[in-house]
Amino acid sequence: MPAYHIPSLSRLIDQFERFPGIGGKSAQRLAYYVLGLSDDGVKELSDAILEAHKKIHYCKVCCNLTDEELCPICRNAARDHSVICVVEDPRDVIALERTHEFNAVYHVLHGVISPLNGIGPDQLCVKELLARIGETGPKVTEVIMATNPTVEGEATAMYISRLLKPLGVKVTRLAYGIPVGGDLEYADEFTLTRALEGRSEI
């Protein structure tokens, strides 16, 4: 144990180190930032964490995060509810919404199928997606698979597409390819293949 050791500070740093993407030095900076807050500031921070943890849950329709029964997108009657974009994570919804180009709805899986990590379809929100399509109400005509272009993302997209096709739903895959400003010579074979498959008329 170091000569200079404050157990309560070490515990605080350890808690911050548990955050994804936070290393030892970043955790230390966050801990010292918290120590520098006023009593009111610490209370506001702790209250915000407790409130979010208590109130935020899955939307009963799309499984996105919300603090009400339905998320704002599912509540919006102006959105096209016949098209569902399937994503891995709630952060993907935020990324797609930033484009201001997608006016339909989403379904959040909360992960991908990954046998090596012990994650199968039952650990994801797949049955909720199937229930949406089987419900009476606005008929779903297309499901866009927007999982990430990884081995697990591709496997998850293929698995769900096999479940959906017998239901008479059109299943499409989000096109991936050469990024704007990218050079062909630096692109890998997988990226080039997807770029060719996702080509469109100009």
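Taking only Cα atoms of segment 7-55, what ratio of Rg to Rh do you get with Rh as the Kirkwood inverse-distance radius? Display every interim value, and only then the final one.
Working: Rg = 11.5 Å, Rh = 11.5 Å.
The Rg/Rh ratio comes out at 1.00.
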Practice prompt. Let me know the Rg and Dmax you get for segment 163-202 when you use only its Cα atoms, in Å.
Written response: 13.8, 41
Discussion item. Using Cα-Cα distances under 8 Å and only pairs 6 or more residues apart, what relative contact order does the chain have, in percent?
Written reply: 13 percent
Worksheet entry | Residue-by-residue Karplus 3J(HN,Hα) for segment 54-69, coefficients 6.51, -1.76, 1.60, Hz, glycine and proline x | 7, 8, 7, 8, 7, 4, 6, 9, 9, 6, 6, 7, 7, 10, 10, 5
Worksheet item: Amide H neighbours of residue 60 under 5 Å, counting only residues 5+ apart in sequence or on other chains, H built in-plane at 1.01 Å?
Response: 71
Worksheet item: For q = 0.09, 0.13, 0.14 Å⁻¹, what log10 I(q)/I(0) does the chain give under the Debye formula with an equal point scatterer on each alpha carbon and no solvent?
Response: -0.51, -0.91, -0.99
Worksheet item: Using alpha carbon centroids, what distance separates segment 43-100 and segment 134-181, in Å?
Response: 20 Å
Item to complete: Compute the label zone of residue 9 within segment 31-66: residues whose backbone N is under 12 Å from the point 7 Å along Cα-to-Cβ.
Response: 31-33, 35-36
Worksheet item: Length gain on complete extension for the stretch residue 28 to residue 141, per 0.36 nm per residue less the alpha carbon to alpha carbon distance?
Response: 35.6 nm
Worksheet item: What residues have an amide H closer than 5 Å to that of residue 106, excluding those fewer than 5 places away on the same chain, when H is modeled at 1.01 Å from N in the peptide plane?
Response: 85
Worksheet entry | Most to least packed among 74-83, 34-43 [average Cβ atoms within 10 Å] | 74-83, 34-43
Worksheet, complete the sentence: Label model pair residue 95, residue 54: point-to-point distance (7 angstrom along the Cα→beta-carbon line) in nm is 3.3 nm
Item to complete: Anything over 19 Å Cα to Cα? Flag those among 54/127; 25/54; 127/165, in the order listed.
Response: 54/127; 25/54
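Segment 132-199: percent of C-alpha pairs farther apart than 14 Å?
Numbers: 1487 of 2278 pairs.
So the portion of pairs separated by more than 14 Å is 65 percent.
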Practice prompt. Starting from the amide H of residue 171, placed 1.01 Å from N in the peptide plane, find each other amide H under 5 Å away whose residue is 5 or more places distant or on another chain.
Written response: 143
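FYI, it's all coordinate maths here, none of it is from the lab. Source: prediction; values computed, not measured. Cβ coordinates were reconstructed from backbone atoms using ideal geometry, including for glycine residues, and neighbour counts include every protein chain displayed.
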